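Inspection log for the structure reproduced underneath, given as structure tokens.
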Amino acid sequence: MAAVEGIGPRAREWAHGLRGAYPDADPDGLARLATRRFVRLAGVGGAAAAGAGVFAPVAELAVVLWTQSALVLHLAAAYGRDPAHPDRAVEVLVLTQVHPDADSARAALDAARAADGPGEGPWPRAVEAAWRLAAPLAAQAGGWAALRLVARVLPGAAVLAAAAGDAAATERLAARTVTSYRPVRTGG
């Protein structure tokens, strides 16, 4: 929700500005520009986060998820969807594979919204919302533990692995997102 509210309007301005400067640019061209930009940012961000020591997994997760959210929203804008529309939050969660489907993502977002609303107390709902949003990401912790062991033998391995892994993951996300947003072309 925060990404849609914070990045969505900027993504809309980005697409509008490029369409104004390059009126013949097609959505696929804008998508390629956004993909290159955010793949590069994910790699750099992942490498920088890898230097955060014991906090590296948390730092990397924050940097990469924010970058990947920005990519999805810019691709939405490239393909003519409103990147600031609340539906994009569900799409971000599904496309980034934080949640397996729209129903699960919607339930997590509803729990997060309920945590902000009135009720019997915010803590139980806030814990539920955090759990629904973060539980699918817990599996990545094992990968970081293995990487830290390798980095003890090969200094700098964590930085290179994080940069390459995050860039590749963002490239795969771009492909999924373009497939999702690109209009189906009909023959004839």
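Taking the listed residues Ala84, Ala31, Ala77, the one that is within 23 Å of Ser180 (Cα to Cα), in contact with a Ser or Thr (Cβ under 9 Å, 6 or more places away or on another chain) and of a type in the set (A, V, I, L, M, F, W, C) is Ala31, with no other qualifying. Close contacts from the stretch 16-32, counting a first residue that is touching a residue at least 12 places away in the same chain (Cβ under 8 Å) and a second that is of a type in the set (Val, Ile, Thr) and assigned to a helix (DSSP H, G or I), with Cβ to Cβ under 6 Å and a gap of 6+ residues or different chains, come to Ala31/Val178.
Yes/no per residue for (1) within 18 Å of Gly80 (Cα to Cα); (2) at pLDDT below 90; (3) crowded, with 22+ Cβ neighbours inside 10 Å:
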position: Ile7; (1), (2), (3): yes, no, yes
position: Asp24; (1), (2), (3): yes, no, no
position: Gly29; (1), (2), (3): yes, no, no
position: Ala34; (1), (2), (3): yes, no, yes
position: Arg37; (1), (2), (3): no, no, no
position: Gly45; (1), (2), (3): no, yes, yes
position: Ala48; (1), (2), (3): no, yes, no
position: Ala62; (1), (2), (3): no, yes, no
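When Leu75 is tested against (1) outside any helix (DSSP H, G or I); (2) open to solvent by less than 20 Å² (accessible area, probe 1.4 Å), just one condition goes unmet, and that condition is (1). Output the residues belonging to the stretch 69-115 that are under 25 Å from His16 (Cα atoms) and among the hydroxyl-bearing types (Ser, Thr, Tyr). Answer for the stretch 69-115, where residues must be under 25 Å from His16 (Cα atoms) and among the hydroxyl-bearing types (Ser, Thr, Tyr): Ser69, Tyr79, Thr96. Flag: Arg88 matches the condition of being open to solvent by less than 70 Å² (accessible area, probe 1.4 Å) and of a type in the set (Lys, Arg). Screening Val72 on (1) in contact with a Gly (Cβ under 8 Å, 6 or more places away or on another chain); (2) within 16 Å of Met1 (Cα to Cα) shows it passes everything except condition (1).
The values are calculated or read from the model by the stated rules, or taken from the named source; none is laboratory data. This is a predicted model, so every value here is computed, not measured. Methodologically, a virtual Cβ is constructed for each residue, glycine included, from the backbone with ideal geometry; neighbour enumeration extends over all protein chains shown. Just so you know, the surface numbers come from the protein's heavy atoms only, side chains and all, with ligands and any DNA or RNA stripped out. Shrake-Rupley method; radii C 1.70, N 1.55, O 1.52, S 1.80 Å.
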